[in-house]
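Inspection log for the structure reproduced underneath, given as structure tokens.
Since every read-out is calculated from the coordinates, none of them should be taken as a lab result. This is a predicted model, so every value here is computed, not measured. Here Cβ is always computed from backbone atoms with ideal geometry, including for glycine, and neighbour counts include all displayed protein chains.
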Amino acid sequence: MSADLHSVGKRSFYSNLMNIVDFYNLNNFNLDTLDENKISHYNNLMKQKYISYWENAVQHSNKLEFYNIFKNQYKTSHYLDHTSEQTERKALVKLRMDNHKPMIEIGRYEQIPHEQRICPVCMSTNLVDKIHFLFHCLKYSTLRGTFFNHIYLQLPNVWQTNITETIKILINSTNYLVNLPLIKFKSSCFVLHDRLISSNQNSSA
């Protein structure tokens with residue numbers, strides 16, 4: 001019946017299945033001759049095509065530039081297994097996915113030219129990306145110092161690597177004693193960011 005609906009141009013389970021077959025270029029697909037081996041084969045083909053799509057998206061997306069620093073393989077991120085609190089898990093996901101307020105992100109939505117998305121907090125000429133926000137902006141130096149003091153016993157040599165490796169170590173950590181201070185540091189930076197922006201706006205009013 002589902003195939004009959006498809007043959008007369010009506011959407012059905014069969015038509016959805018055929019759309020998947022076409023999208024993934026599953027050659028010689030025949031629903032009547034499916035068995036476990038063929039299902040496994042088609043499943044692997046679809047998985048590999050999706051992984052190729054994912055890798056290309058991560059490598060070539062400006063939005064995912066920060067994400068690409070620490071996540072370039074399609075596999076489970078085990079940090080979630082070590083963080084049980086829902087609010088903490090959400091905070092870590094937002095941090096990894098670059099879901100934040102600084103000018104570089106706001107600029108995307110307001111279509112501000114990339115070179116004009118400078119930090120409105122420290123008033124420098126630096127572009128305010130996640131790296132500047134978390135590691136360089138002078139306005140967060142006290143919070144940053146407190147954060148690294150908290151994790152020193154867990155990661156004593158974290159600052160002895162370059163910034164890219166430091167990001168990988170921090171973001172991919174499965175140590176709760178690193179995850180929790182990182183969440184608190186990011187949240188505190190956001191609170192201070194909003195307070196400073198509000199203060200600057202009131203001063204210019």
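Which FRET efficiency value, to the nearest 0.05, do you get for residue 43 and residue 175 by plugging their Cβ-Cβ distance into 1/(1 + (r/R0)^6) with R0 = 35 Å?
Computed FRET efficiency for residue 43 and residue 175: 0.50.
Take peptides 17-25, 35-43, 135-143 and line them up by average Cβ neighbours within 10 Å, highest first, as a rough protection proxy.
135-143, 17-25, 35-43
Report the extension gain between residue 198 and residue 149 in nm, rounded to one decimal, defined as 0.36 nm multiplied by the number of residues separating them, less their alpha carbon distance.
Difference between extended and current length: 14.8 nm.
Suppose only helical runs count, i.e. DSSP H with n ≥ 4. What mean residue ellipticity at 222 nm does that imply for the chain under -39500 (n - 2.57) per run, divided by all residues and rounded to the nearest 500 deg cm²/dmol?
-18000 deg cm²/dmol
Using only Cα atoms, locate the centre of the stretch 165-200 and the centre of the stretch 31-87, then give the distance between them in Å, rounded to an integer.
26
Arrange 29, 13 by Cβ neighbour counts within 10 Å, fewest through most, would you?
With the fewest neighbours first, 29, 13 line up as 13, 29.
Rounded to the nearest 10 degrees, what's the angle between the helix 36-60 long axis and the longest principal axis of the chain, both from Cα atoms, 0 to 90?
30
Under Stokes-Einstein, with the Kirkwood radius over Cα pairs standing in for Rh, what whole-number D in µm²/s applies to the stretch 2-60 at 25 °C and 0.890 mPa s?
Answer, rounded: 189 µm²/s.
Write down Rg/Rh for the chain, rounded to two decimals, with Rg from the C-alpha atoms and Rh from the Kirkwood relation over Cα pairs.
1.13
Using Cα-Cα distances under 8 Å and only pairs 6 or more residues apart, what relative contact order does the stretch 82-204 have, in percent?
Value for the stretch 82-204: 27 percent.
Of 69, 183, 52, which is farthest along the charge dipole of the chain in the positive direction, counting Lys and Arg as +1 and Asp and Glu as -1 at C-beta?
Projecting each Cα onto the dipole axis, the largest value belongs to 183.
Would you mind checking 130/168; 63/184; 63/168; 38/71; 71/186; 90/186 for any pair whose Cα atoms are more than 21 angstrom apart?
Beyond 21 Å: 63/184; 38/71.
Taking only the Cα atoms of the stretch 82-204, how large is their convex hull per residue, in Å³?
Cα convex hull per residue, to the nearest whole number: 114 Å³.
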